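I have placed the structure first, in the form of structure tokens, so that the comments after it can refer back to it.
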Amino acid sequence: MKSLPYFCRGEVVRGFGRGSKELGIPTANFPVSVVDHLPADIGTGIYYGWACVGTGDVFKMVMSIGWNPYYKNTKKSMETHVIHTFNEDFYGEILNVVMVGYIRPERSYDSLEALIAAINNDIEEAKLMLELPEHLKLKEDNFFTSVTSLSSAPPPTTASTSQTIMNGH
């Protein structure tokens, strides 16, 4: 995937309400405007990378892009699980992510338990892959330290890795 690493940011919006409640794995959802601007070569599936809320600390993350076949969604989504325990929800905050690598395609499961096990395996794989030096360096990218308001953002700019930052609109 030539578009990786891919940088994007957007406001955290309410999703389907399943991450925390049904799965025990909270997710932060991007608005449709961010999903609709993904490059063509970033297909559905599970990705790993780095994320930060607002100007906070940068943490490892896994992201599901697609229709969540287990739930038979009709709306494509980008759901990010930040591998960190937050004290409260952060709806309305800006989530900054860099997608670094691809784990697997999305698929359906025979049971909720099988889905949860797969997500936990994805989290463990992300933790390992993000320790590689070429991925670890992206945690320090100036994308995470540049404070950009979505409403006043200029056209796409360039991060230190010379990749385009997509601001979700």
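The values are calculated or read from the model by the stated rules, or taken from the named source; none is laboratory data. Since the structure is predicted, the reported quantities are computational estimates derived from the model, not experimental observations. Because the Cβ atoms are built from the backbone with ideal geometry, glycine has one as well, and the counts that use them run over all protein chains shown. All accessible areas refer to the heavy atoms of the entire protein, side chains included, with ligands and DNA or RNA removed. Shrake-Rupley method; radii C 1.70, N 1.55, O 1.52, S 1.80 Å.
So the check is Cβ under 8 Å with 6+ separation or different chains; which pairs have a first residue in region 1-23 that's over 23 Å from residue 42 (Cα atoms) and outside any strand (DSSP E or B) and a second one that's open to solvent by 30 Å² or more (accessible area, probe 1.4 Å) and hydrophobic (A, V, I, L, M, F, W, C)?
From residues that are over 23 Å from residue 42 (Cα atoms) and outside any strand (DSSP E or B), the pairs are 22/112; 23/112; 23/116; 23/119.
Please find, within region 90-112, the residue that is nearest to residue 145 (Cα to Cα) out of those that are open to solvent by 60 Å² or more (accessible area, probe 1.4 Å) and touching a residue at least 24 places away in the same chain (Cβ under 8 Å).
Ranking the candidates gives 93 first.
Sort out which residues of region 113-122 are acidic (Asp, Glu) and buried (at least 17 other Cβ atoms within 10 Å of the Cβ), and write them in order of number.
If the condition is that a residue be acidic (Asp, Glu) and buried (at least 17 other Cβ atoms within 10 Å of the Cβ), then 122 is the only one that fits.
Among (1) touching a residue at least 60 places away in the same chain (Cβ under 8 Å); (2) in a loop (DSSP other than H, G, I, E, B); (3) open to solvent by less than 70 Å² (accessible area, probe 1.4 Å), which single condition is residue 56 missing?
Looking at each condition in turn, residue 56 falls short on (1).
Of everything in region 80-91, what is in a loop (DSSP other than H, G, I, E, B) and modelled with pLDDT of 95 or more? Give them in sequence order.
83, 84
Quickly run through region 24-45 and pick out the residues that are open to solvent by 20 Å² or more (accessible area, probe 1.4 Å) and not in a loop (DSSP other than H, G, I, E, B).
32, 33
I need the full set of residues from region 95-113 which are at pLDDT below 95 and either in a helix (DSSP H, G or I) or hydrophobic (A, V, I, L, M, F, W, C) (or both), in order please.
112, 113
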